[in-house]
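Undergrad: My questions will all concern the structure given below.
Derivation of every value follows stated rules applied to the coordinates shown; laboratory data play no part. Note that the coordinates shown come from a computational prediction; the quantities given were computed from them, not determined experimentally. So basically every Cβ, Gly included, is an ideal-geometry build from the backbone, and we count neighbours across all protein chains shown.
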Amino acid sequence: MMKWAQIAFIVRRVLKSFREVFWTHLLTSGTMAVTLFIFGGFLLIQENLQGLLKGWGSRIQIFAYLETSVPAADTESLLARVNSYPEIERSRFVSQKEAWDGFKRSLGSQSGVLEGLSAEILPASLEITLKTAYRSHGALAEVVKRLRAEKGIGEVEYPEEWMEKFGLVLLGVQWAQWVLGGFLFAATLLIIGNTVKLAILARKDEIEIMQLVGARRLLIKAPFVLEGMVQGLLGAGLAVLCLWQLFVSLTSQLPASLGILAERAQLQFLAPDSLLLLVGLGWVMGTLGSLLSLRRFLKRW
Amino acid sequence: MVHLFTVSKIYPPSYPALTDIQLDIEKGEFVFLSGPSGAGKTTLLKLLFREEEATDGQVVVNGRNVARLSNKGVARLRQEIGLVFQDFRLLARLTALDNVALAAEVVGMARRESRRKAFHLLRELGLKDRHNAKPPALSGGEQQRVAIARALVNDPLLVLADEPTGNLDPEMADETMRLFAQMHQRGTTVVVATHNTGLLERFHHRVVLLQQGRVAGGRKECPAGV
Ligand SMILES: Nc1ncnc2c1ncn2[C@@H]1O[C@H](COP(=O)(O)OP(=O)(O)OP(=O)(O)O)[C@@H](O)[C@H]1O
Ligand SMILES: [Mg+2]
């Protein structure tokens, strides 16, 4: 077990180190902050794209056309079945007559050309809106597949191509985030490892003496690991601060409405989980960086 | 206190620094480890505080078989041993007082208590007015006394000194030896490695003579004044 005096000793050493080589620590924290800032930036873009998609979702509708030969009773049960899909937020039944009236209205003064045609030539349809959670490309396709398998439903239309493209953009952002993030993570680990190596070398004689008088390994290692942790947390804090600054200054320059794209109010800063993820990553980077370096340079002990 | 059973040490790849050493040092003894340069004195001391491990044989220090110690065990062993070196090994950035107090702190003594004890030791060793000086500002003899204070701060059962007088003028050397004699009188077991034969003539403790890695003779403690 560690004695209180030893814990106090470790804390004093960390504080002393931050005082003595302040700039080295700041530089390392800064490096981590840059990594986390870039990673966090991608997270921010991704979250907002997802947010936009959900906002647009109310305009994304599935049109399921009923076959004209279906008897009225079967239509009832079909509607009941479709409405029980868990993904569906609401659906509106458009009868043949409504479809016909709508069509006539859209033709306006030229509706005369329809004279003599029967309302029966247009199929009845269902206009379906999905719940927010299911407004991704995959979930949409899944619902469409099930609709197509229903007896009594003919054509099913939805903005497939558009959804696909948007999905690809989102996927691209996610990939860039993890690949670039991974590279930066590795590079940052190296930089931290190097800082710790320098710190170890700078205190080499001190470490040697400590070992000769019987200090435990834990006591010798702990200050370095603790420094790494603190640096990581500082770096994460710095990154979040910069992201927030960037977010605020960017959004304040946007017009209140971006036309059909979005309302400014729809743009959101990072969710709590993402903030936690950033802080956690900073913590892990700092700790791992010093542990790896210690393993390499204190091997003999 | 110290028992070596047929101990050999071969430095890689195949340099035999110690061969077949048989040695017993009882609690409270004062022993000179002497012999020409390269005889293996430093190597033998290193085996005792587990800086090096024996290639063959058993090393027992204060009832512990040092070959079997874990990292923690090595740390605990070293807490019972005070070490003094020819080159003092003080930390140049710390004051004399902090150099001594550090050794107590890292094994768990509270900071205030460590500093108080360090101060008392330094005063006893005649460094009362120099405790705030850093090693580069101290003479060789003063530095060695700081190092001795550091070796004593954890109340060691065993003090190992490797050429403690090697960098000191004869007067300072004798003064330093008298400090070791004092510890010995208080019951501490002391082992001093030296190739300075003059010391052996002036201080009449037991001598173990090493030559080319083997025990090649020695003498029992002789009564003072011979
Ligand atoms: N780490 C090492 N690797 C290889 N050989 C070593 C090592 N340390 C010491 N030796 C060799 O072992 C032999 C004994 O060395 P040691 O330092 O124990 O001698 P010593 O009696 O202390 O000599 P001195 O009086 O010069 O200090 C020497 O010949 C030395 O070259
Ligand atoms: Mg030697």
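Undergrad: Give the separation of the Cα centroids, segment A:30-51 to segment B:20-65, in Å.
TA: Using only Cα atoms to place each centre, the spacing works out to 61 Å.
Undergrad: Return the lysines within reach of A:LYS97: Cα separation strictly under 24 angstrom, same-chain partners fewer than 8 residues apart disregarded; answer none if there are no such residues.
TA: Answer for A:LYS97, where 24 Å is the Cα cut-off: A:LYS151, listed by chain and number.
Undergrad: Moving on. Only Lys, Arg, Asp and Glu count, each charged at its Cβ (+1, +1, -1, -1), so figure out the dipole size of segment B:79-226 about its Cα centre, rounded to 20 debye.
TA: So the dipole magnitude of segment B:79-226 works out to roughly 380 debye.
Undergrad: Output the 0 to 90 degree angle, nearest 10, between the alpha-carbon long axis of helix B:111-124 and the longest principal axis computed from the alpha carbons of chain B.
TA: Helix B:111-124 sits roughly 80 degrees off the main axis of chain B.
Undergrad: In chain B, if the dipole is taken from +1 on Lys/Arg beta carbons and -1 on Asp/Glu beta carbons about the Cα centre, which of B:LEU200, B:LEU102, B:MET172 is farthest to the positive end?
TA: So the residue we want is B:LEU102.
Undergrad: Right, something else. Angle, helix B:140-152 long axis vs. longest principal axis of chain B, Cα atoms, 0 to 90°, nearest 10?
TA: Taking the Cα atoms of chain B, the angle to B:140-152 is about 80 degrees.
Undergrad: I'd like the per residue volume of the convex hull spanned by the Cα atoms of chain B, given in cubic angstrom.
TA: Each residue corresponds to 126 Å³ of Cα convex hull volume.
Undergrad: Also, I was wondering about something else. In the protein assembly as shown, what % of DSSP beta bridges are antiparallel (nearest 5)?
TA: 65 percent
Undergrad: Please compute the Cα-Cα pair-distance distribution of segment A:61-158 with 5 Å bins starting at 0, giving whole percents from short to long.
TA: Taking all Cα pairs of segment A:61-158, the binned fractions are 2, 12, 23, 22, 15, 12, 8, 4, 1, 0 percent.
Undergrad: Taking the Cα centre of chain A as origin and charging only Cβ (+1 Lys, Arg; -1 Asp, Glu), how large is the dipole, in debye to the nearest 20?
TA: My answer is approximately 2400 debye.
Undergrad: Sort A:SER136, A:SER249 so the one with the fewest other Cβ atoms within 10 Å of its own Cβ comes first.
TA: In increasing order of surrounding Cβ atoms, one gets A:SER249, A:SER136.
Undergrad: So, one more: So what is the diffusion coefficient of segment B:147-226 in µm² per second by Stokes-Einstein at 25 °C and 0.890 mPa s, using a Kirkwood Rh over Cα pairs?
TA: 181 µm²/s
Undergrad: Can I ask one more? When N is the residue count of the protein assembly as shown, what does its C-alpha Rg come to as a fraction of 2.2 N^0.38 Å?
TA: Ratio of Cα Rg to 2.2 N^0.38 Å: 1.69.
Undergrad: Tell me the mean residue ellipticity at 222 nm calculated for chain A from its helices only (DSSP H runs of n ≥ 4, each -39500 (n - 2.57), averaged over every residue, nearest 500).
TA: Theoretical 222 nm ellipticity from helices: -23500 deg cm²/dmol.
Undergrad: Hydropathy at least -1.0 by Kyte-Doolittle, axial extent at least 15 angstrom from the Cα trace: which helices of chain A, defined as entire DSSP H runs, fit?
TA: Length and hydropathy pass: A:4-20, A:22-56, A:72-83, A:137-149, A:160-202, A:217-253, A:272-297.
Undergrad: Does segment A:137-296 come out rounded, prolate or oblate by the C-alpha gyration tensor, with a ≥ b ≥ c the root eigenvalues, rounded set by a/c under 1.5 and, if not, prolate when a/b is larger than b/c and oblate if not?
TA: Prolate shape, in that a/c is at least 1.5 and a/b is the bigger ratio.
Undergrad: Taking the number of other C-beta atoms within 10 Å as the exposure measure, put A:ASP205, A:ASP273 in order starting with the fewest.
TA: Fewest-to-most Cβ neighbours within 10 Å comes out as A:ASP273, A:ASP205.
Undergrad: Averaging sequence separations of C-alpha pairs under 8 Å and six or more residues apart, then dividing by the length of segment A:61-158, give the relative contact order as a whole percent.
TA: Relative contact order comes out at 53 percent.
Undergrad: Using a Förster distance of 60 Å, how high is the FRET efficiency between A:LEU201 and A:ASN83, based on the Cβ-Cβ distance and rounded to 0.05?
TA: So the FRET efficiency works out to roughly 0.25.
Undergrad: How big is the dipole moment of the protein assembly as shown about its Cα centre under a simple scheme where the beta carbon of each Lys and Arg is +1, that of each Asp and Glu is -1, and everything else is neutral? Debye, nearest 20, please.
TA: 2060 debye
Undergrad: In degrees between 0 and 90, to the nearest 10, how far off the longest principal axis of chain B does helix B:170-185 point, with axes built from Cα atoms?
TA: 80 degrees
Undergrad: In whole percent, what relative contact order does segment B:20-107 give with Cα contacts below 8 Å and a gap of six or more residues?
TA: Here the relative contact order equals 15 percent.
Undergrad: Still on this structure, I have one more. For B:GLN212 and A:LEU218, what is the calculated FRET efficiency with R₀ set at 45 Å and r taken between the beta-carbons, to the nearest 0.05?
TA: The computed FRET efficiency comes out at 0.65.
Undergrad: Could you pull out the GluC sites (Glu not before Pro) across segment A:44-138 that fall in loop regions by DSSP (anything but H, G, I, E, B) with no more than 10 other Cβ atoms inside 10 Å?
TA: A:GLU115
Undergrad: How big is the Kirkwood radius of segment A:140-234, worked out from every pair of different alpha carbons and given in Å to one decimal?
TA: It is 18.9 Å.
Undergrad: May I ask which residue of A:GLN245, A:ALA64, A:VAL11 lies farthest towards the positive end of the charge dipole of chain A, with charges of +1 (Lys, Arg) and -1 (Asp, Glu) on Cβ and the Cα centre as origin?
TA: Most positive-ward Cα: A:VAL11.
Undergrad: Take the alpha carbon gyration tensor of segment B:91-155, find the square roots of its eigenvalues, order them as a ≥ b ≥ c, and report rounded if a/c is under 1.5; if not, report prolate when a/b exceeds b/c, else oblate.
TA: prolate
Undergrad: Per the Kirkwood definition applied to all pairs of different Cα atoms, how many angstroms is the hydrodynamic radius of chain A?
TA: 24.5 Å
Undergrad: Still on this structure, please answer the following. Please state the shape class of segment A:45-116: rounded when a/c is under 1.5, otherwise prolate if a/b exceeds b/c and oblate if not, all from the C-alpha gyration tensor.
TA: oblate
Undergrad: Something else about it: Please compute the contact order of chain A in relative form: average sequence separation of alpha-carbon pairs under 8 Å and at least six residues apart, divided by the residue count, as a percent.
TA: With pairs under 8 Å counted, the relative contact order is 31 percent.
Undergrad: Any idea which of B:MET183, B:SER70, B:THR43 is furthest toward the positive side of the dipole for chain B, if Lys and Arg beta-carbons carry +1 and Asp and Glu beta-carbons -1?
TA: B:SER70
Undergrad: Still on this structure, I have one more. Could you give the distance between the Cα centres of segment A:277-294 and segment A:221-258, to the whole Å?
TA: Measuring centre to centre over Cα atoms gives 16 Å.
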